[in-house]
1. With a ≥ b ≥ c taken as the square roots of the eigenvalues of the C-alpha gyration tensor of segment 221-341, please select rounded if a/c is under 1.5 and otherwise prolate if a/b is larger than b/c or oblate if it is not?
2. Taking 0.36 nm per residue of sequence separation and subtracting the Cα-Cα distance, how much length would be gained by fully extending the chain between residue 17 and residue 181, in nm to one decimal?
3. Using θ = phi - 60° and the Karplus form 6.51 cos²θ - 1.76 cosθ + 1.60, what ³J(HN,Hα) does each residue of segment 392-403 get, whole Hz, x for Gly and Pro?
4. Counting only protein heavy atoms, what percent of the accessible surface of segment 49-102 is carbon or sulfur at a 1.4 Å probe?
5. Within segment 52-135, list the chymotrypsin sites (Phe, Trp or Tyr not before Pro) lying in a DSSP loop whose Cβ has at most 15 other Cβ atoms in a 10 Å radius.
6. How many angstrom separate the Cα center of segment 391-427 from the Cα center of segment 337-370?
7. Within the set of other residues whose C-beta is less than 15 Å from the C-beta of residue 323, count the net charge using Lys and Arg as +1 and Asp and Glu as -1.
8. Heavy-atom accessible area per residue, the chain, 1.4 Å probe: how many Å²?
Amino acid sequence: MRRLQYIGVVFVFKGLKPIIYGGREVWPLVEGGKGVAATNHASSGAWAAAGGIGTVSAVNADSYDENGNMIPQVFFGKTRAERHEELVAYGIKGGIAQVKLAHEIAGGKGAININVLWEMGGAQRILHGILEETRGMVTGVTCGAGMPYKLSEIAAQYGVYYLPIVSSARAFRALWKRAYHKVPEWLGAVVYEDPWLAGGHNGLSNAEDPRSPEDPYPRVKALRDVMRAEGISDEVPIVMAGGVWYLRDWDNWIDNPELGQIAFQFGTRPLLTQESPIPDGWKDALTKIPEDGVLLHQFSPTGFYSSAVINPFLKELQDRSDRQISYTQTADLDHTLQLDVGVKGKNFWVTPADLMKAREWDARGFTVALKTPDNTLVFVTPSSGEVIRKDQKDCMGCLSHCGFSSWKDHDNNSTGRLADPRSFCIQKALQNIAHGAPIDENLMFAGHSAYLFGKDPFYSNGFVPTVKQLVDRILTGD
């Protein structure tokens, strides 16, 4: 086990050294950029001021009026396309505001990155709009949730680093071969996001089992091997993201010649700080999460797996999918009976067993059956059905492809598939919880180490640290 060494005014986990990033020394500690509005200028600016790399979320970022009051994101367009334009405008204005405020708080210390999701609606336009107006303030752009081939090109245009978020060596190789090799000098780091442990959206591939987590070490070693094969210096860090809590748990990663330069990203721990913008109810709930209280699930309208706290909102999505039966429009050998509850018309043929299930659900109040794109029906209450239909109708195109509403930001704004009632409006759920709506009624993203809030003595007696206190604590190894 490494010892502590005294550097400046804090005791630092021995072996952990500053890295050069953006022309200055910073601690190899990165704040995860959590959208929507779960990371903002206050937390990221303070993280940079503490000597690390703060990350402003540029996903539906909040903006403010001349009095410093947050501007609600209200949409007036009559069509989805019109509302999408409003969303992009909000995103650019909010991102600019957040970066400028974070830069001011940082006071020339550390570094400020911004984070975007490649699959968010208008991602490229929003990124251009923010970087154009914040020259000299942003050091790098982290980006995942998809394959951001154009990230390097955009970053180079504005003289900032690009930091792709990947979950495998294979994904990085594809990005490098297709685009990134053209501007290698602007590769600031590669973020390896553990697809089993990280909060938010995860990069599990079809070949990986969500129920069988893999050791990150050989996966990160494979990533470094690919980087070396492509001539990328070991000084370009790999950022370990997902499952990072105590640095002492990663002792064998630090100064390890097999891995090269390593940095560590903290997404969940910064949620519980004084500067964190999330509401107090969310902060309080973090301290009560059990060890199995975060679920890796597939309800997101993006189609990606994602990790969130198990609460009534998530349980309702699970129950909704459980109340699901298949149907055919004509009778066949299995589907021999006509469905007589939940639907209008007679062209719904189901199995005898499923007819019994449907009648039971109907008797319990789940009297509305909604079609899915997979020739199944889910049974919901009338009030739930109304909310689902309204949310689908109110879609503003927050994603490039949305399974819930069937929105697509090209091809006539349609995925060509039925809207999927098994999912939900993610923009609504994340905006709501970030701005004080009941946590039981909305999506609460968190990494799988969140249960440690209730076990780590640092947070005993309800202690909520400042970002500086948290960074100093992390630097000790704890």
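1. Oblate shape, in that a/c is at least 1.5 and b/c is the bigger or equal ratio.
2. Roughly 56.2 nm would be gained on extension.
3. 5, 5, 7, 3, 10, x, 6, 10, 5, 9, 10, x
4. About 58 percent, which is the carbon plus sulfur part of the accessible surface.
5. Answer by residue number: 76.
6. Centre-to-centre (Cα) distance: 26 Å.
7. -1
8. Roughly 43 Å² per residue, with all protein chains present.
The values are calculated or read from the model by the stated rules, or taken from the named source; none is laboratory data. None of the values given here were measured: they were computed from a predicted structure. Here the Cβ is made from the backbone with ideal geometry for all residues, glycine too, and neighbour counts use every protein chain on show. Accessible surface areas use protein heavy atoms only, side chains included; no ligands, DNA or RNA. Shrake-Rupley method; radii C 1.70, N 1.55, O 1.52, S 1.80 Å.
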